[in-house]
Amino acid sequence: MEQLLSEYDVIIIGSGIAGLYTALKLNSDKSILVLSKDHIKNSNTNLAQGGIAVTFNEDDFESHINDTLKTGYYYNDEDRLRMMVEEGGKSINTLIDWGVNFDSNNDGTLLLTKEGGHSLRRIIHYKDTTGEEIIRGMLNTVATRNNITLVSHVFAVDLIVRDEGVVGIKVAQDRCIKPIYANQVVIATGGIGELYKNTTNASIATGDGIAMAVRSGVNVKDMEFVQFHPTALNAPGHSHFLISEAVRGEGGILRNESGHAFMDGYHPLKDLAPRSVVSKAIFEESKKQGNDKIYLDITHLAEEYIKNRFPNIYNECLKRGIDIVNEWIPIIPVQHYMMGGIETDAIGRTNLEGLYACGEVACTGVHGANRMASNSLLEGAVFAFRVAEDINASHRKIKLYKTDLSYIKDENNIEIHAYINQLQEIMSDYVFIFRNKSNLIKALKLVDDLSDILPEKCTSQEGYELRNMVLVAKLIIKAAIDRDDTLGSHIIEGEY
Ligand SMILES: Cc1cc2nc3c(=O)[nH]c(=O)nc-3n(C[C@H](O)[C@H](O)[C@H](O)COP(=O)(O)OP(=O)(O)OC[C@H]3O[C@@H](n4cnc5c(N)ncnc54)[C@H](O)[C@@H]3O)c2cc1C
């Protein structure tokens, strides 16, 4: 197992696109620690299918910006969105320079696809395993850098904060808690999907970064905006597997039980309407027909095309007994993405000196109240680039602190799994796509009760995660209670 030092120039918590991108853009004279609490590839990035929305041609900037604003219900921070779109080409070319492959046409130009909310084809991709390819390419490049130490299975518990700001983090490893100091700390811990029973997210998505930031007085923003993806595979026990929006981008059609292509009646963009609209439409149709039998149909596409363009989706469905060449795919909306998170400025800085956040854990404001498809990987890359540039230019040097170890006593006897299930039930029953105030108040009371019975100290990794999930659940519910009207992904029951 990799030995951790007690001090680095920069600590990055997270080995998804945001964490690895930041590490690779930092100057090579800096000692950098990148942490992953599970195996390195267990991340939302590694699961990404559809691709990256990127606009290389200046003439198309306005269209990318307008589509994102429309999808985000004009709640977006327009200046930062503009910046993301304008700097996107540069950030993605850097990924390509690091050896990440994207599908191309015969003439070598990048092959572009379309997804919900996009009025143009602007999404680059690598088949339907774009995230895996990004991580592969970046990890290969990290392996060539002596200044980057990448360590898996180390859990960041909390930030260490002194008068001068953040000075490091506490990690749990080998049954002890150890402080590690650094001039800058970057939180890139990803999403919150594990708060829900059904999610497309990786199992690491327990909101740790948000929770540790809040415990240190860092501001969070827009916590009520949780995105639910309309098309996860609806197969017993497997409702978390995503059927990428690119499937609809390439002609997939949503059908109800009787085969009617119902999106015509809901939005001018039909099957490519924004995610919140499609999720709402699916619920409406389910309500009308009295069951959740809703399907995505691509059987009109050629067999060879399907197998070549969506090999991962084809194989995963086949494993579950569905041959998507000949059968409609049963789908259901599930939790997918967190628009809210740690509030940052335009270069990823938080309100705590020395602390940065980027990727899904951060709230930069670019997505507004509902993220447009394939803008998340773009945001991760562009803001990680900015974070790294700011750290490279910084002269911050923390004081020297003494390093102490403390040992964790075993707490395996507490019923962590039962508590996690309870929390997921509450969030899925009362804080899902459609919300109402009395359910939200009920949810808050239930989560408060749950947190009251949790042991004072949860000292296994799952215990820490549970504590974090409970805190993040409260933040989401309180923010949802405070927003009276429907906006984007926050939908008040009866208001649609
Ligand atoms: C199935 C799926 C498909 C998607 N498809 C697309 C797509 O096509 N296009 C798009 O733009 N977006 C897509 N998204 C969204 C996008 O993939 C994510 O928002 C993005 O990859 C998040 O990257 P990240 O670096 O912020 O976090 P992640 O990639 O999730 O990485 C988080 C890292 O933090 C580490 N970590 C977390 N907590 C701790 C802790 N306490 N201590 C130590 N380490 C910790 C984890 O181990 C992990 O390494 C998809 C998401 C999913 C789930």
Percent of beta bridges antiparallel (DSSP, the chain, rounded to nearest 5): 60 percent
Charge dipole (the chain, unit charges on Cβ, about Cα centre) - positive-most of L120, T459, L95: T459
Extension gain (nm, one decimal) between N436 and N57, 0.36 nm per residue minus Cα-Cα: 132.1 nm
Inter-site label distance for N147 and S216 at 7 Å from Cα along Cβ, in nm: 2.2 nm
For segment 229-335, with +1 on Lys and Arg beta carbons and -1 on Asp and Glu, the positive-most of S258, H300, L233 along the dipole: L233
Given charges at beta-carbon only (K, R positive; D, E negative), |dipole| of segment 219-269 in Debye: 60 debye
Net charge dipole size for the chain [Lys, Arg +1 and Asp, Glu -1 on Cβ; Debye, nearest 20]: 640 debye
Helix axis angle, 375-393 relative to the chain longest principal axis, alpha carbon, degrees: 20 degrees
Low-density loop positions, trypsin sites (Lys or Arg not before Pro), segment 95-124 - DSSP coil, at most 14 other Cβ in 10 Å: R121
Cβ-Cβ FRET estimate between S31 and D163, R0 fixed at 22 Å, reported to 0.05: 0.35
Label-point gap, in nm, between Y401 and N421 - each point 7 angstrom along Cα→Cβ: 3.9 nm
FRET efficiency for E86 and D482, using Cβ-Cβ distance with R0 set to 41 Å, rounded to 0.05: 0.80
Leading residue at positive end of dipole, segment 409-492 (Cβ point charges), from F432, V447, T486: T486
FRET E, pair E78, L111, Förster distance 30 Å, beta-carbon r, rounded to 0.05: 0.50
Qualifying trypsin sites (Lys or Arg not before Pro) in segment 359-443, DSSP loop, other Cβ atoms within 10 Å at most 11: K397, K399, K402, K409
Distance violations [Cα-Cα > 30 Å] among K221/K280; K114/K307; K114/K319: none
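No lab work stands behind these numbers, since they all come straight from the coordinates. What you see is a predicted model, and the numbers here were worked out from it, not measured in a lab. So basically every Cβ, Gly included, is an ideal-geometry build from the backbone, and we count neighbours across all protein chains shown.
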